[in-house]
Amino acid sequence: MKKILFITAFAALFLTGCEQKPTLQKYFVEKSESKGFTVLDVSPTILNLEKTKLSSDEKQVLDAFEKVNILTLKADGTNQNEIQAEKEKIKTILNDKKYESLIKVNFGKDGAEFKCVGQDEHIDEFVLYGSKKENGLAVVRITGEDMNPTAVLKMLQLIQKSNVDVEQLKPLQELFK
């Protein structure tokens, strides 16, 4: 009887002790089923790079990246209130102290922000969030292990060398038209 009471008490503490605050990952999952949102999950394999032709440094950069999640909500002239509400939700999530701001650019009500989770050579997540009244909003989440800001720049260089399957990125291209 004492075991059952102890297990029940432990389970109650465990369930109530879990944080229920919103996270970017939960936001992506929630919005993947929502009308108007486009969510893409991209793995580094989309780059179609032959590892045999990469330097050891480039291989290390590529191996540090796990995936890129992209979420967009395109402005259509009738959804400005929805976009504003979603911007507030995203800002609330990104205001969590675990996100360190790297760069922030504002153009009136439009702008972009680059944040990360982790420090120095041990960054687990980069987030690029941007919005523009005419286009909508976009959140790009890059996850990996022990990344650093230099690795992101090197990854961009690798993208230029790659044979990216552009068809997979069509929804993202539509946002910027």
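The values are calculated or read from the model by the stated rules, or taken from the named source; none is laboratory data. What you see is a predicted model, and the numbers here were worked out from it, not measured in a lab. Quick reminder, even Gly has a Cβ in these numbers, built from the backbone with ideal geometry, and neighbours come from all protein chains shown. Only protein heavy atoms, including side chains, enter the accessible area calculation; ligands, DNA and RNA are left aside. Shrake-Rupley method; radii C 1.70, N 1.55, O 1.52, S 1.80 Å.
If you build the convex hull over the alpha carbons only and average its shadow over all orientations, what do you get for segment 74-138? Give it in nm² to one decimal.
Over all viewing directions, segment 74-138 projects a mean Cα-hull area of 4.5 nm².
Using a probe of 1.4 Å on the protein chains alone, the accessible area found for GLU30 is around 100 Å². Loop-located trypsin sites (Lys or Arg not before Pro) in segment 54-108 (DSSP state not H, G, I, E or B) with no more than 10 neighbouring Cβ atoms inside 10 Å: LYS97. Compute the label zone of ASP146 within segment 43-63: residues whose backbone N is under 18 Å from the point 7 Å along Cα-to-Cβ. Residues 56-63 qualify, since their backbone N sits under 18 Å from the label point.
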